[in-house]
Amino acid sequence: MTKDQVTLKLRGMSCASCANTIEDAIRSVPGVTQASVNFGAEQASVTYNSTQTDIAAIQAAVNAAGYAAQPVQEDGLAPEDDHEKRERQTENQQLTRKVWVSGSISTILVIGSLPAMTGLSIPFIPIWLHNPWLQLALTAPVLLWAGSSFFVNAWKALKRHTATMDTLVAIGTGTAYSYSLFPTLFPEWFTAQGLAPDVYYEAAAVIITLILLGRLLENRAKGQTSEAIRKLIGLQARTARVIRDEREVDVPIAEVVLNDLILVRPGEKIPVDGEIIEGGSTIDEAMVTGESVPVKKQVGDQVIGATINKTGSFKFRATRVGKDTFLAQIVKLVQQAQGSKAPIQRLADQVTGWFVPVVIGIAIATFILWYNVMGNVTMALITTVGVLIIACPCALGLATPTSIMVGTGKGAENGILIKGAESLEQAHKLQTIILDKTGTITQGKPTVTDFVTVGGTANQNELRLLSLAAAIERNSEHPLAEAVVQYAQAQGAELTDVQEFDAVAGSGVQATVSDQRVQIGTHRWLLELGIETSGLRSQSEQLEYLGKTVIWLAINGRVEAIIGIADAVKPSSADAIRALQKMGLEVVMLTGDNQRTANVIAREVGIKRVLAEVRPDQKAATIETIQAEGKVVAMVGDGINDAPALAQADVGLAIGTGTDVAIAASDITLILGDLNGIVTAIQLSRATMRNIRQNLFFAFIYNVAGIPIAAGILYPVFGWLLSPIIAGAAMAFSSVSVVSNALRLRNFKLKGQA
């Protein structure tokens, strides 16, 4: 099966019920395997079988449901963001104009209605302002122009046999306006029936105005939730100084191609990713890594597009351009995360699925109850309209996605890439953090410190043995192998070709070199091969007590030397581990190194539980064993051999300085490679989930309390009814308050960053 993914930008949604409608429409397309619509982000993330359907068919399904969809650009760095910004600005300008016009008319209507509402004669208010025909004429443009979208969308929903928030608003304001028409046209009939010919034009107009104002404020607030994406996109350079035909030419960044030679001067932004081939400098990478200290770069080092060159000038070769650049990948990951759904949102989705029909049912029951009990059509009308207007599924629909959008964006600003809402939610439940040793707790740059042969340091065979060891290690990708090769070359050893090379995962490597069978690896492996090791056992133990990793060299079945390798602990590791433990988390070291060396490193950084001598193929099973203890587990690693364990863990965190395979298998990527990023990621997850719970509590309580009050539950005790105007104001600002609460996450203080 060929699976493709697409992110669609949606238009026309007015509430969470719309999101559910679109989601159902997309899922009904044959070939679609997964669809998630995010009301807060106004996006749909769709996974589909490209042999059965395509993007056009998915768009057609959205259009048929009464909405519009447009694929999001893959690189996320195109002018599309400017286009989206202009669209939002245009929409806000239209809403602002409608709010001002309808607000002005509503003010006149309310002033004219004050004598009737208060029962008092107010001298400065002319009686003609309360003329029902004048109020009818003034209210018409509010409903037919300013509030037209509510009625149009309600009609579209009716044709689809669904109901949305627009349905509630249209029924509520339409009922108030339509009812008012009868006393206006037939006041004598009402008087003859003993009914006051009251009109409620001002209620319809004010409700429309307040809801439009709420939507305007909500739009502006929702725009701020995408601020992180805009900041990231704004980081990119606009042009690049490319060397072509031995001339320096300034070209738009979109015209830079792979292997272009690019010149960067002090103070300029680096346009794309690449490798320095001439010169050097210090570079400010804070905008993509969160690291505030400029990093020194020289020939052979990698540079990241959008970072700022500080002091020197240099030339570099473009290695990644367009949608493949590091910045573009960050933007893509953040967009995917912001468009995803957290498991906690499922409850809200279930509620909004039946919310509107239930509210309409409650409104009908309210009218029948009060009309039959009190025989008062006015009371029945007020309570019915109040129920329809105060009910708001939007607050429920926005509670989770807005917090997720702000939380993932905040992480991206500080070098923490969270792939999805589920990962962000899961991180706050973590109980155990498992850390790989090499490259995670330590620098990942091991160096040889000791080379001990059976004959001692004066052994004339030392250089020959070193040559044999380096010749075989040259064929291995392990960091320890690289350290041996570099040491041997520094000593002047000559490296010859090998035959019959074989790597034994987690144990060592072996091959034939110059007709000699050479094995180099762990002590345990040599014992398994039946090779006697007692001759260097005491020297090996001394090195291990110093926290060094020891690898053994055997020639033709006989131990000839041991190599001591040290990998310095990262300066931040001990502090980060203490911070994790203070947060109530168990921290475990997982390593393929021997127990004695692992214990030394563990003591240095304050780790109490050590799982040593674990082969790469056993790491995932080890994670599974700890999960079987009932623990929610995170795995932190940086190597290719960590990928299965990262995938097995409840949350996989990859050190961003590690391999692409590890990053691809992880749920969260720490770009900087600093363990303090783990602390920050968990703190951010906890803060986001706390924010979501606050939002959901407010949204549920608002509806649970608001609907009964609007229905008149307090009237028998206090003789008080909720005005539809107050209900409209409450509904308008419920969504705004939820989004505003989510935006507080932007002030979250990230701890543990350098």
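What to note about this one:
- Some residue of the range 716-723 being closer than 24 Å to V359 by Cβ, touching a residue at least 60 places away in the same chain (Cβ under 8 Å) and open to solvent by 20 Å² or more (accessible area, probe 1.4 Å): yes
- Just so you know, in the range 60-83 the residues that are in a helix (DSSP H, G or I) and surrounded by 19 or more Cβ atoms within 10 Å (Cβ to Cβ) include one that is modelled with the lowest pLDDT, and it is D81.
- Whichever residue in the range 511-532 is touching a helix residue (DSSP H, G or I) at 6+ places or on another chain (Cβ under 8 Å) and open to solvent by less than 30 Å² (accessible area, probe 1.4 Å) and, among such residues, is nearest to N594 (Cα to Cα): I520
- Scope the range 453-489; condition among the small types (G, A, S), in a helix (DSSP H, G or I) and touching a strand residue (DSSP E or B) at 6+ places or on another chain (Cβ under 9 Å); matching residues: S467, A469, A471, A481, A483, A488
- In the set (1) at pLDDT 90 or above; (2) surrounded by fewer than 18 Cβ atoms within 10 Å (Cβ to Cβ); (3) of a type outside the set (V, I, T), the condition left unmet by Q595 is number (1).
- The C-beta contact set for the range 536-560 (first residue without any contact (Cβ under 8 Å) to a residue 12 or more places away in the chain, second residue of a type in the set (D, E, K, R) and open to solvent by less than 20 Å² (accessible area, probe 1.4 Å), distance under 6 angstrom, 6+ apart or interchain) is empty.
- Summed over the range 547-570, the residues that are open to solvent by 20 Å² or more (accessible area, probe 1.4 Å) and either within 21 Å of D436 (Cβ to Cβ) or touching a Cys at 6+ places or on another chain (Cβ under 7 Å) (or both) give a count of 6.
This table checks each residue for (1) farther than 23 Å from S573 by Cα; (2) open to solvent by less than 20 Å² (accessible area, probe 1.4 Å).
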| position | (1), (2) |
| --- | --- |
| G411 | no, yes |
| Q431 | no, no |
| T453 | yes, yes |
| S476 | yes, no |
| V484 | yes, yes |
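- A search for C-beta distances below 6 Å between a residue of the range 607-618 that is under 24 Å from S572 (Cβ atoms) and of a type in the set (D, E, K, R) and any residue that is surrounded by 16 or more Cβ atoms within 10 Å (Cβ to Cβ) and modelled with pLDDT of 85 or more, counting only pairs 6+ apart in sequence or on different chains, returns R609/V588.
- On the stretch given as the range 496-507, residues that are over 29 Å from P644 (Cα atoms) and buried (at least 18 other Cβ atoms within 10 Å of the Cβ) total 1.
- Residues being at positive phi, over 25 Å from the mean Cα position of the chain (by Cα) and in a loop (DSSP other than H, G, I, E, B) are represented in the range 27-40 by at least one member.
- Look at (1) surrounded by fewer than 24 Cβ atoms within 10 Å (Cβ to Cβ); (2) more than 32 Å from the chain's Cα centre (by Cα) and you find that G420 fails only one, number (2).
- Within the range 613-635, the set of residues being buried (at least 16 other Cβ atoms within 10 Å of the Cβ), more than 16 Å from I433 (Cβ to Cβ) and under 29 Å from the mean Cα position of the chain (by Cα) comprises A620 only.
- Filtering G673, G656, G639, G652 for residues that are in contact with a strand residue (DSSP E or B) (Cβ under 8 Å, 6 or more places away or on another chain), closer than 30 Å to I623 by Cβ and modelled with pLDDT of 85 or more leaves a single hit, G652.
- Exactly one residue out of D575, D567 is at pLDDT 90 or above and of a type outside the set (F, W, Y): that is D575.
- Residue among T384, T378 that alone is open to solvent by 10 Å² or more (accessible area, probe 1.4 Å), of a type in the set (S, T, N, Q), closer than 21 Å to A729 by Cα and in contact with a Ser or Thr (Cβ under 6 Å, 6 or more places away or on another chain): T384
- Looking across the range 619-645, the residues that are without any contact (Cβ under 8 Å) to a residue 40 or more places away in the chain and in a loop (DSSP other than H, G, I, E, B) come down to E629, G630.
- Verdict on K315 being modelled with pLDDT of 75 or more and among the charged types (D, E, K, R): yes
- Unmet requirement for I713, which otherwise passes all of (1) open to solvent by 40 Å² or more (accessible area, probe 1.4 Å); (2) in a helix (DSSP H, G or I): (2)
- Unmet criterion (only one of (1) in a helix (DSSP H, G or I); (2) open to solvent by 10 Å² or more (accessible area, probe 1.4 Å); (3) on the phi > 0 side of the Ramachandran plot) for G439: (2)
- Hey, A602 within 14 Å of I433 (Cβ to Cβ), open to solvent by less than 10 Å² (accessible area, probe 1.4 Å), assigned to a helix (DSSP H, G or I) and free of Cβ contacts under 8 Å to residues at least 40 places away in the same chain or not: yes
The values are calculated or read from the model by the stated rules, or taken from the named source; none is laboratory data. Nothing here was measured: the structure is a model prediction, and the numbers come from that model. Ideal geometry is used to build each Cβ from the backbone, glycine not excepted, and the neighbour counts take in all protein chains shown. Quick note on the areas: whole protein, heavy atoms, side chains included, nothing else; ligands and nucleic acids left out. Shrake-Rupley method; radii C 1.70, N 1.55, O 1.52, S 1.80 Å.
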